[in-house]
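**Student:** The structure is given below, and queries will be raised subsequently.
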């Protein structure tokens, strides 16, 4: 029986990374390892770029960089998303943490989530 896994990935919002994301979503089976994977992109997403600010209060949307015209994937990216892109490192750590927590909570359910929280608190008490 195959093993099920749910890897999350955080990747830039540029032409190469949109191709990588699409390919990851197409490859749900890791046959060599006997695993079935449901890959979920947790960042960098357009919604995150439009919704958040960096540590200095600057909107992430304003931190865009120009798409490299020399990249052969640029034409299709520009057609779909425009001439601007973003690096994943602009995403504040708390957004990544919150997104992961929501993903884990949706996968585990409330009962297992509460057990996870209790285990974390017990571990913190030991520090």
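The values are calculated or read from the model by the stated rules, or taken from the named source; none is laboratory data. Everything numeric in this text was worked out from a predicted model, so none of it was measured. Neighbour counts are summed over all protein chains in view; Cβ atoms, including those assigned to glycine, are modelled from backbone coordinates with ideal geometry.
**Student:** Which of the residues belonging to the range 81-98 are without any contact (Cβ under 8 Å) to a residue 60 or more places away in the chain and in a helix (DSSP H, G or I)?
**Tutor:** Passing the criteria: 89, 90, 93, 94, 95, 97, 98.
**Student:** Here's something else I'd like to know. List the number of the failed condition for residue 2; all other conditions in (1) surrounded by fewer than 13 Cβ atoms within 10 Å (Cβ to Cβ); (2) at pLDDT 75 or above hold.
**Tutor:** The failed condition is (2).
**Student:** Additional query: Give the residues of the range 72-98 that are over 20 Å from the mean Cα position of the chain (by Cα) and either under 27 Å from residue 37 (Cβ atoms) or loosely packed, with under 14 Cβ neighbours inside 10 Å (or both), sorted by residue number.
**Tutor:** Passing the criteria: 72, 73, 75, 76, 79, 82, 83.
**Student:** Within the range 99-116, restricting attention to residues that are loosely packed, with under 12 Cβ neighbours inside 10 Å and under 23 Å from residue 49 (Cβ atoms), which residue is farthest from the chain's Cα centre (by Cα)?
**Tutor:** Ranking the candidates gives 106 first.
**Student:** Which number in (1) farther than 29 Å from residue 108 by Cβ; (2) touching a strand residue (DSSP E or B) at 6+ places or on another chain (Cβ under 7 Å); (3) modelled with pLDDT of 80 or more marks the one condition that residue 55 misses?
**Tutor:** Single failed check for residue 55: (2).
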